[in-house]
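See below for the structure under consideration.
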C-alpha cells in the first residue's frame with residue numbers, strides 16, 4: 001500500500017492558500033492511488049516544542065542508555081521520524097514568512113533530522129527511495145525572471161534539508177503571488193485552478 005504523509009503548517013485554516021493547495025493535491029493523489037493511505041501531521045495543532053537541553057541530551061545518548069526523562073524528551077521526535085520513514089511520498093505544505101519557512105516547520109525539521117535514523121553518522125542521508133512535493137504559498141512571486149528570485153530562501157532551504165536526509169526526488173509547486181487572494185484580487189478557487197496542472201503532475205508522479 002502506498003503511503004502519503006502530509007505535513008501542514010499554516011495556522012489559517014480554510015483561509016490558507018497552502019492548505020487549499022494540499023486539498024487539491026490529496027484529491028488527485030487519492031484518485032491515482034485508490035488503495036493508498038494518507039497520514040496528516042498538522043503542525044498548527046501539534047505545537048512542537050523547540051530543541052531544548054534535555055532533548056539534546058537524549059539525542060546524543062544511545063537509546064538503550066536513555067533514562068525515563070530522556071525517553072520522554074525525545075518521544076515525540078521518534079514519532080515524527082517514524083511517520084516520515086513509513087511514508088512513500090511526503091508533502092510539505094507551507095506559507096512563506098519573511099522569505100523562509102514558519103517556525104513550526106523549522107521545529108518539525110529539527111525533530112526529524114536525526115543522526116542514526118534519517119542521517120548517517122558519515123553525513124549520508126538515510127531516507128532513500130521516497131518522493132517529496134513542496135506546496136509553497138508566498139505573497140511574492142519568485143519565478144524565472146523575478147527581480148526578487150534570490151529571496152526564495154524557503155524553497156532552497158526545504159530542498160536542501162530533504163537532500164541532506166536522502167530525498168532527492170522533489171517536486172515544487174509554487175503558489176507565488178498569493179497575496180492577490182488575501183487582497184481580494186482573485187478568488188481562492190481561481191488561484192488554485194491556476195496551479196491545477198502542476199498539482200496534478202505532482203500528485204500522479
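No value in this document is a laboratory result; all are computed from the given coordinates. Everything numeric in this text was worked out from a predicted model, so none of it was measured. No Cβ is skipped: glycine too gets one built from the backbone with ideal geometry, and neighbour counts run over all protein chains shown.
How big is the C-alpha Rg of the stretch 109-183 next to the rule-of-thumb value 2.2 N^0.38 Å, as a ratio?
Numbers: Rg = 14.9 Å, N = 75, 2.2 N^0.38 = 11.3 Å.
It is 1.32.
Could you calculate the contour length gain from residue 205 to residue 190, that is, 0.36 nm times the residue separation minus the distance between their Cα atoms, to one decimal place in nm? Walk me through the numbers before you get to the answer.
Details: separation 15, 0.36 × 15 = 5.40 nm, distance 2.37 nm.
Length gained, residue 205 through residue 190: 3.0 nm.
Per residue and in Å³, how big is the convex hull formed by the alpha-carbon atoms of the stretch 1-71?
Working: hull volume 9.0 nm³, N = 71.
Taking only Cα atoms, the stretch 1-71 has a hull volume of 127 Å³ per residue.
Please compute the volume of the convex hull spanned by the alpha-carbon atoms of the chain and report it per residue in Å³.
In the chain, the Cα convex hull volume per residue is 129 Å³.
So what is the relative contact order of the stretch 42-118, in percent, for Cα pairs below 8 Å that sit 6 or more residues apart? Intermediate results must be reported in sequence, preceding the final value.
Working: 47 pairs, mean separation 31.6, N = 77.
Dividing the mean separation by the residue count of the stretch 42-118 yields 41 percent.
Per DSSP helix of 4 or more residues, -39500 (n - 2.57); summed, then divided by the residues of the chain. What does that give at 222 nm, rounded to the nearest 500? Could the numbers behind the result be given before it?
Numbers: 9 runs with 86 residues, N = 205.
Rounded to the nearest 500, it is -12000 deg cm²/dmol.
Using a Förster distance of 41 angstrom, determine the FRET efficiency expected from the C-beta separation of residue 72 and residue 182, and round it to 0.05. Spell out each step's value before the answer.
Values: r = 40 Å, r/R0 = 0.99.
Once rounded, the FRET efficiency stands at 0.50.
Could you give the distance between the Cα centres of the stretch 163-186 and the stretch 100-134, to the whole Å?
Computed from Cα coordinates, the inter-centre distance equals 19 Å.
Which FRET efficiency, nearest 0.05, do residue 51 and residue 99 yield, Cβ-Cβ r, R0 30 Å? Please list the in-between numbers first.
Details: r = 22 Å, r/R0 = 0.74.
The formula returns an efficiency of 0.85 here.
If only Cα atoms are counted, what is the Rg of the stretch 57-142, and what is its Dmax, in Å?
Rg, Dmax (Cα atoms, Å): 15.3, 49.
What angle, in degrees between 0 and 90 and rounded to the nearest 10, separates the Cα long axis of helix 103-112 from the longest principal axis of the Cα atoms of the chain?
40 degrees
Between residue 61 and residue 86, what is the FRET efficiency for a Förster distance of 25 Å, r being their Cβ-Cβ separation, to the nearest 0.05? Working shown, then result.
Values: r = 25 Å, r/R0 = 0.99.
According to the calculation, E is roughly 0.50.
By how many degrees, 0 to 90 and rounded to 10, does the Cα axis of helix 68-86 deviate from the longest principal axis of the chain?
Around 40 degrees separate the two axes.
Once fully extended, how much extra length lies between residue 168 and residue 27, figured as 0.36 nm per residue of separation less the alpha-carbon to alpha-carbon distance?
Numbers: separation 141, 0.36 × 141 = 50.76 nm, distance 2.42 nm.
Extending this stretch completely gives an extra 48.3 nm.
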